[in-house]
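What follows is a short report on a single structure.
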Amino acid sequence: MQLFDRTLGDWLEHWAKVSPDKEYIVYSDRDLRYTWSQFNERVNTVAKGLLALGVEKGSHVGIWATNVPDWLTYLYACAKIGAVYVTVNTNYKQNELEYLVENSDMHTLCLIDGTFESDYIAMTYEMLPELKTCQRGFLRSKRFPKMRNVIYLGQEKHRGMYNTPEVMLLGQTVSDQRLEEAKKQVNCHDIVNMQYTSGTTGFPKGVMLSHHNITNNGYLTGEHMKFTADDKLCCCVPLFHCFGIVLASMNVLTHGCTQVMVERFDALLVLASIHKERCTAVYGVPTMFIAELNHPMFNMFDMSCLRTGIMAGSLCPIELMRQVNTKMFMDVTSVYGLTETSPGMTHSRIDDPAEVRYTTVGSDYEFTEVAVIDPETGERCPDGVQGEMCCRGYNVMKGYYKNPQATAECIDKDGFLHSGDLGVRDENGNYRITGRIKDMIIRGGENIYPREIEEFLYHLEGVKDVQVAAVPSKKYGEEVGAFIILHEGAKLTEYDVKDFCKGKISRYKIPKYVFFVDGFPLTGSGKIQKYKLKDLSLELLAKQGIVPV
C-alpha cells in the first residue's frame, strides 16, 4: 500500500481516461447513469461556470442538499479550481444555517428545495433578503458580506439565484485554457473540503481537510475491503458527512468502481437498489441496518450479490453485526474515527476473523499511529487498559477554521489528535471503543460505561435497539437510564428489563430508569445525540410525576 499525491481532479481524470465508458454514478430509482467520461465532462463545464461567477482558489462554496445527482458534480468542480467545498447539514434550521454561513466566510451557496420538514429556499431568502431585489451575480449582503452567489441545484428558477443549467451555460463562455491554468494552481495538500462537526457537544467547528487527507483515507479503506473496479457500492449515508464523502465516495474515486446512490435514506429503496444493480457493498449506521433487516419486504430481495460493507457512525451492537453477516451475506467491517481524522483511524479488515470484526473496530490505518493515552497522566496505556483514543499521521486535519485555540486543545505538542473517546487496545493490536469520556456515568463514585450495558441489553428478546445514558440523581449524582426501542409486537415492562439484569451484571449497573421510546435524537448523519437523552429522561419522568432522587 502507498499514499498518493493526487488531487480529487487528478483521480477523476485518471479514470475518465482509463475506463471512460464504465458507469461511475447510478441512481437506480430514476435510471440516471453517468460514465466516468460523461461525469468528468459535466464537472469541467460546471467548474468553468464557477470561475465565471468569481469562484477561485480558496473560495468557500457551500452545499446544502441531500444526495442529489449534482452533489458530487459541484464537489469535483470546486476541487479542480482549488475552491473549498463546505458541507451543510441537511437538518440545519435558520440559526444553524446562518451560523455556518458566517463562520465559514461562504462565497457561494448551492442548495435544493429542502426536505419534508425544512424549506431551504424560504430560509435562504430570510437569511439573504437582498436576493429578492438584486440582479444575479450582484448580491451584496449586509449581514454576510462574503456571500456573492446562490445556486439552485435544478431546473427551476428562483429570484436572485442561478440554476445549474445557467451555470453550465456560463461555463461554455470560459476557455479550456483558463480551467487548465486554475487546475495547475491546485496542490494535493490544499484544503478541499470543510466539514462542520456534527455538534453532539458545543458549537460546530469547521474541520479543514485536504485532498491528501481524504483521498488516501478513502483509498486505504477500500484496500482493507479488497475493492476493485468491479465493485458497486450502494451509498445511502449522507454525503455531507465524512462517512459518505470519504469512506464511500473517495473509496470509489480511488478504485474506479461504481457508486449506486440513494438520495435520502429509505430502507426499501436501499434493498431495491442492491437487488437491481447487484451491488457488492453497502454502508450504513446501525439504525439503517436495523431498518433494512426489519423491513417487511426484506425477504423479497436478493442480497447474495453483497460481499462487504461498513457499519459505523456510532457504536455497533455485536448481535446486529452478526445478523447483517448472516442475512445480508456480507463480511461487514467497522471503521472508527472522527471528522478530524478524515475520518478513519482504525478499521477491521475483511480478512479478519468474524469475532474480530464483530467485537472490535480493527487496527490502525496504515501510515498512522494510534495510541491509547491516559487522560490524566498523558502516558500511553498498556494493552488492556482503557484510555483516550488518539492519532497522528497523514489523516489528521489541517485544523479548525479560524479557531487556533480549539485546534491547539485538540492536537497536542506531539501531533496527536485527541478524540475524546475511550478505548482499549488488545494484545493483537485491535481496538475496542468503550464510550466517550463525557458519556461515562459516574454513580456515587462508580464509573459506568454505557457501551457495556447496551451490549448486554441487546440480548433481551424483544429489544430492537437500546441506548444507555445518565439520568440526574440527587443522591448519587447520576443514575443509569436505558432507552429502549422494541420490535414490532413485542411487549416488555421496566420490571422485565431489570429482572433480566439481576444476577448478570453488577447491581449498580442495572438501569434505575427504563424508558420505552419510538426513536432516539439523531444528528443529520445518523449519530445518536446522547447528551439529549438526559433531557429526554427528565421530560419522561415529569410526565409520570416522578422526581429523580
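The values are calculated or read from the model by the stated rules, or taken from the named source; none is laboratory data. The structure displayed is predicted, hence computed values, not measured ones. For neighbour counting, all protein chains shown are included, and Cβ atoms are generated from backbone atoms with ideal geometry for every residue, glycine included. Heads up: the accessible areas ignore ligands, DNA and RNA and are worked out on the full protein's heavy atoms, side chains in. Shrake-Rupley method; radii C 1.70, N 1.55, O 1.52, S 1.80 Å.
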Can you pull out the GluC sites (Glu not before Pro) in the stretch 114-149 that DSSP calls coil and that have at most 12 other Cβ atoms within 10 Å? Glu117
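Contact order normalised by length for the stretch 204-273, with contacts defined as Cα pairs under 8 Å and 6 or more residues apart; what percent is it? All intermediate terms of the calculation are to be shown ahead of the outcome.
Values: 85 pairs, mean separation 25.7, N = 70.
Taking the mean separation of contacting Cα pairs over the length of the stretch 204-273, I get 37 percent.
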What distance in nm separates the simple spin-label points at Ser304 and Asn403, each placed 7 Å from Cα in the Cβ direction? 5.0
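Could you tell me the calculated FRET efficiency between Glu455 and Asp5, based on Cβ-Cβ distance and R0 = 60 angstrom, to the nearest 0.05?
Working: r = 42 Å, r/R0 = 0.70.
Rounded to the nearest 0.05, the efficiency is 0.90.
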Taking a crude spin-label model, label points 7 Å out from Cα along the C-beta direction, the Lys146 to Ser19 distance in nm is 3.8
Of Val361, Gly9, Gly503, which is farthest on the positive side of the dipole of the chain, counting Cα position, with +1 on Lys and Arg Cβ, -1 on Asp and Glu Cβ, and the Cα centre as origin? Gly9
Considering the dipole of the chain built from charges on the beta carbon (Lys and Arg +1, Asp and Glu -1) around the Cα centre, which of Pro296, Val514, Pro20 is farthest to its positive end? Val514
Positive end of the charge dipole of the stretch 446-498 (Lys, Arg +1 and Asp, Glu -1 on Cβ, about the Cα centre): tell me which of Gly489, Ser473, His459 has its Cα farthest that way. Ser473
Let me check I've understood the local charge: for Lys232, count other residues with C-beta under 10 angstrom from its C-beta, Lys and Arg +1, Asp and Glu -1. What total comes out? -3
Gain on full stretching of the segment that runs from Ala354 to His189 - 0.36 nm per residue minus C-alpha separation: 55.7 nm
Cross-link reach from Lys93 to lysines, straight Cα distance under 17 Å and at least 8 residues apart if same chain, gives Lys205
GluC sites (Glu not before Pro) in the stretch 297-383 lying in a DSSP loop, each with at most 10 other Cβ atoms within 10 Å of its Cβ, come to Glu376, Glu379
Roll a 1.4 Å probe over the protein heavy atoms and report the accessible area of Tyr162 in Å², nearest 10. 30
Might you report the magnitude of the Cβ-based charge dipole of the stretch 207-294 about its Cα centre, with Lys and Arg at +1 and Asp and Glu at -1, to the nearest 20 debye? 20
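Are there chymotrypsin sites (Phe, Trp or Tyr not before Pro) in the stretch 58-120 that DSSP puts in a loop and that have at most 13 other Cβ atoms within 10 Å, and which ones? Numbers along the way, then the final one.
Details: sites: Trp64, Trp71, Tyr74, Tyr76, Tyr85, Tyr92, Tyr99, Phe116, Tyr120; in loops: Tyr92, Phe116.
Filter output for the stretch 58-120: Phe116.
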Relative contact order for the stretch 1-63 using alpha-carbon pairs under 8 Å, separation at least 6, rounded to a whole percent? 23
Set the bar at 28 Å for Cα to Cα. Now go through Lys17/Lys527; Lys146/Lys183; Lys509/Lys543; Lys475/Lys530; Lys22/Lys80; Lys464/Lys534 and name every pair that lies beyond it. Lys17/Lys527
Accessible area per residue, 1.4 Å probe, Å², for the chain: what's the number? 40
Once each part is reduced to its C-alpha centroid, what is the distance from the stretch 8-58 to the stretch 230-267 in angstrom? 15
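What is the dipole size for the stretch 33-170, taken about its Cα centre, with +1 at each Lys and Arg Cβ and -1 at each Asp and Glu Cβ, in debye to the nearest 20? Let's see the in-between values first.
On the way: 15 positive and 14 negative charges, 95 e Å.
About 460 debye.
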Tell me the accessible surface of Lys532 in square angstrom (1.4 angstrom probe, heavy atoms of protein chains only), to the nearest ten. 80
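Treating only the Cβ atoms of Lys and Arg (+1) and Asp and Glu (-1) as charged, compute the dipole magnitude of the chain about its Cα centre; round to the nearest 20 debye. Walk me through the numbers on the way to the answer.
Numbers: 59 positive and 69 negative charges, 226 e Å.
Dipole about the Cα centre, nearest 20: 1080 debye.
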Calculate what fraction, in whole %, of the accessible area of the stretch 351-427 sits on carbon and sulfur atoms when a 1.4 Å probe is rolled over the protein chains. 48
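Show that you can apply the helix-only estimate: for the chain, add -39,500 (n - 2.57) for every DSSP H stretch of four or more residues, divide by all residues, and state [θ] at 222 nm to the nearest 500. Write down the numbers at each step before the final one.
Details: 17 runs with 167 residues, N = 549.
Helices in the chain give a 222 nm mean residue ellipticity of -9000 deg cm²/dmol.
Of the DSSP beta bridges with both residues in the chain, give the percent that are antiparallel, rounding to the nearest 5. Before the final figure, lay out the partial values.
Working: 49 of 85 bridges.
Just about 60 percent of them are antiparallel.
State, as an integer percentage, the relative contact order of the chain based on alpha-carbon contacts under 8 Å between residues 6 or more apart.
Details: 1136 pairs, mean separation 57.5, N = 549.
This gives 10 percent for the chain.
What is the extension gain from Arg507 to Glu156, computed as 0.36 nm multiplied by their sequence separation minus the C-alpha to C-alpha distance, in nm to one decimal?
Working: separation 351, 0.36 × 351 = 126.36 nm, distance 6.12 nm.
Full-extension gain reported as 120.2 nm.
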Could you work out how far apart the two model spin labels at Ala490 and Glu181 are, taking each label as a point 7 Å from the Cα in the direction of the beta carbon, and quote it in nm? 6.4
When the label point is put 7 Å from the Cα of Thr173 along its Cα-to-beta-carbon vector, which residues of the stretch 55-89 have a backbone N closer than 13 Å? none
